[in-house]
Amino acid sequence: MWGGRFAEGPSAIMREINASIPFDKALWRQDIAASKAHVTMLGARNIVSAADTETILAGLGKVAGEYEANGVPENWDLEDIHMTTESRLAELIGPVAGRLHTARSRNDQVATDFRLWVRDAIDETLAGLDALRRALVEQAGNHAESIMPGFTHLQTAQPVTLGHHLMAYYEMTSRDVSRFEDARARLNRSPLGSAALAGTGFPIDREMTAKALGFDSPTDNSLDAVSDRDFALDYLSAATQCSLHLSRLAEEFVIWASQPFGFVRMADSLSTGSSIMPQKKNPDAAELVRGHAGRIMGCFTSLMVTMKGLPLAYSKDMQDDKPPVFEAHGLLRLSIAAMVGMIADSTFKTERMRQAAELGYATATDLADWLVREADIPFREAHHVTGAAVKLAESKGCALDELSLDELQAIDGRVDERVYKALSVEASVAARCSHGGTAPVEVRKRVAAARLALGLGA
C-alpha cells in the first residue's frame, strides 16, 4: 500500500503494532456506506466515469455481503478496515478499484467512519435509555403512594414514596438523554473530502456526500476535521455520567435486596446463587453494573490522555481512539439493559418499606414544621424542642407519635392534640406537596408529565 517509498517491508514488531484491523473491523458497515457515498459523488462530478462508478458500487455491495455472511478477515499486512476493503474490492473488480481512493485519504475516511459509528452508538444508547425511563415511570406510577424511608448519609431522614424515589432516577436518565442528544448534534458534520489534512484539488461536492450519509453539513476546516476526536470524547463523557447514574441505582438494589433491608425481591433471571451456600440469592447483575461504571470512566480517561498534547493534524496515537469507545459502548449497552430488566421485573416489598419508614424518627421534621406553622415558633427553636422530644422517645424506646400529650407538653406547653395528625408517615408524605415533592399527588403529576414526554399517553 505504501511500498513505493520503502525499500524493505515492515518488521514483525512493526506489523503487529501498526495493525488495527482486529478492532477497527467493527467499522465495516460505516466504511462501506462512506465509500459508496464517496464514489457516487465522484461519478456525479465526472471525476470517475459512470461505468467505473457502477462497477465500484456493485463491488462494494459484494464485499459488504461477504462481511455480513462471514465476518471481516484479519490480514495484518493490510493494517485496517479501509485497506482490507479496498484490497478485497480489487480482487473482485480489478484495477478499477483503485479509483475509489481518489480525492480522499485514510485520515478523512476513518474520521468519517468513526463519526458514523459513534452516531449509531448514540442512537442505540438513546433507545436503551428510553426503555429504562419507561420502566421507571411505570413502576413509579404503580407506587405513587408506597411509603419508604428517605435517607441522607444512609440514615433515615424523612418518609418519601417509592414512586418519588424512582422518579429521581427518571430525572437523572433524562439528563443523560439530553447529553447524548447534544453530543449527536455536535458530531453530525462530515469530514469526508478533507483528505489527508489540506483538502483536495479535485472538484468534489462535500455537501452531496454529507447529505448522503445523513450529516447536517460538511466540516469547515480540513485540519480540524481529520484530527478532531471531540465527538468520541463527548460520547464517552455522556457515557461516564450515565454509568454513574446506573451505578447509583444498582447500589440501591444491592442494599435493598439485602436481608436487613428486605425492600425488594429481584428477579431470578438477574440474580445468581452460591456454590457453597444454598440459601444465597446474589444481586450480581446490579453489582456488575456498578463495576462497569469504573471501566467506562477508565475508557474516558484513556482517550483524554491519548489526545492530550497531539499537534495537528493526524498522529498514529489516534489509532488507539476506537478501543475505549467500543469497550465503553458495549459495557453501557449491557448496563442499561440490565437495569431495564431490574426495574421492570423486581417485586418491591412495600409493607417492609413502610415499616422501615416508621423507624428512626423520620417524622421529626414534621413535628418541627407543625410547631412553626401552628404555634408560631421560630424554626430553630422548634428544632430544639423536637430534638428534646426525639431524645425522650429514644429513651423510652417508642415512636414520636407514641409519646403522650402530657410528655410532649412537658417539653413545650404550646403543643396540643392536633400534633398527632402530623406525626404519621402518611401525613408526612402528604404534606410534602410543593412542586417536585414526595406527596402522592405530586408524584402522579410528575408521572403523568413523564408519560406524556415518552409518548405513553395519560
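The values are calculated or read from the model by the stated rules, or taken from the named source; none is laboratory data. Computed from a prediction, not measured in an experiment: that's the story for all the values here. Every residue, glycine as well, gets a Cβ built from its backbone with ideal geometry; the counts of neighbours run over all protein chains shown. The accessibility values were calculated without ligands, DNA or RNA, using every heavy atom of the protein model including side chains. Shrake-Rupley method; radii C 1.70, N 1.55, O 1.52, S 1.80 Å.
Taking the Cα centre of the chain as origin and assigning +1 to Lys and Arg Cβ atoms and -1 to Asp and Glu Cβ atoms, the resulting dipole is close to 400 debye. Convex hull volume per residue, computed on the Cα atoms of the chain, equals 205 Å³. Surface analysis of the chain yields an accessible area of 47 Å² per residue, using protein heavy atoms and a 1.4 Å probe. By the rule of a C-alpha distance below 16 Å, with chain neighbours fewer than 8 residues away ignored, the aspartates and glutamates paired with Lys445 are Glu138, Glu145, Glu171.
Just the protein heavy atoms count here, and of the accessible area of the range 12-102 at 1.4 Å, carbon and sulfur take up 53 percent. Of interest is the spacing of the C-alpha centroids, which for the range 232-309 and the range 75-144 amounts to 27 Å. Per-residue extension of 0.36 nm, minus the Cα-Cα distance of Ala90 and Asp230, leaves a gain of 47.0 nm for this segment.
Rounded, prolate or oblate for the range 186-233? Axes are the square roots of the Cα gyration tensor eigenvalues, ordered a ≥ b ≥ c, and the cut-off for rounded is a/c under 1.5.
Cα axes put the range 186-233 in the oblate bin.
Partner lysines whose Cα lies under 27 Å from the Cα of Lys62, excluding those fewer than 8 positions away in the same chain, are identified as Lys25, Lys36, Lys211, Lys322. Sparsely packed loop sites in the range 130-209 (the GluC sites (Glu not before Pro) outside DSSP H, G, I, E and B with at most 11 other Cβ atoms within 10 Å) do not occur.
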